[in-house]
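The values are calculated or read from the model by the stated rules, or taken from the named source; none is laboratory data. Since the model is a prediction, treat every value here as computed from it, not as a measurement. Neighbour counts run over all protein chains shown; Cβ positions are idealised from the backbone, glycine included. Side chains are part of the model used for accessible areas, which takes the heavy atoms of the whole protein and leaves out ligands, DNA and RNA. Shrake-Rupley method; radii C 1.70, N 1.55, O 1.52, S 1.80 Å.
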Amino acid sequence: MISQLNKILIRCDGGTIPEIGTGHVVRMIRLADQLCKNSIIKKKEVYFLTRKKKIFFNGYNLIKKSKFKIIDVNDQDLVPNSVNESKLISKIFSKLVIIDRLDTSEQFIKKIKSSGSKVITFEDGGSGKYFADRSINEIFKDKKN
């Protein structure tokens with residue numbers, strides 16, 4: 001299976017529907033670019049995990065054009081918050097997993113963290129944000145966090 005040793009794994013999708021536009025992908029590409037530009041990480045140490053078929057092709061194509069590495073897996077293995085998705089991410093050794101998605105589940109984040117990875121979520125309105133190491137939510141107003 002996949003056994004890359006990398007420092008950062010970024011999980012995001014970009015599509016052609018309002019709930020999943022390309023904003024998640026654009027933000028993650030910019031973040032990765034800045035980390036590389038500031039010599040925090042090398043480009044070869046950043047991997048993206050994204051769906052690529054049908055409505056997700058636009059996001060996949062943006063990542064491909066950015067020249068960051070994309071781990072090639074079947075889209076059905078990346079159904080958000082699924083057991084398959086969490087197992088797949090856990091098998092890819094990463095010091096840091098960044099997830100840019102509107103909703104993560106508690107079980108999903110806990111499974112990824114059980115592999116020893118640190119987890120940061122972006123724009124996460126789900127229960128998983130409480131179990132991530134950091135949750136950055138610029139559009140949500142959460143008075144508890």
List the helices (runs of 4 or more DSSP H) inside the range 18-102, counting only whole elements, that have at least 3 residues being surrounded by 15 or more Cβ atoms within 10 Å (Cβ to Cβ) and touching a Gly at 6+ places or on another chain (Cβ under 8 Å). 23-37, 57-66
Among the residues of the range 112-135, how many are without any contact (Cβ under 8 Å) to a residue 60 or more places away in the chain, open to solvent by less than 50 Å² (accessible area, probe 1.4 Å) and of a type in the set (Ser, Thr, Tyr)? 3
Failed condition for residue 84, given (1) more than 13 Å from the chain's Cα centre (by Cα); (2) on the phi > 0 side of the Ramachandran plot; (3) at pLDDT 95 or above: (2)
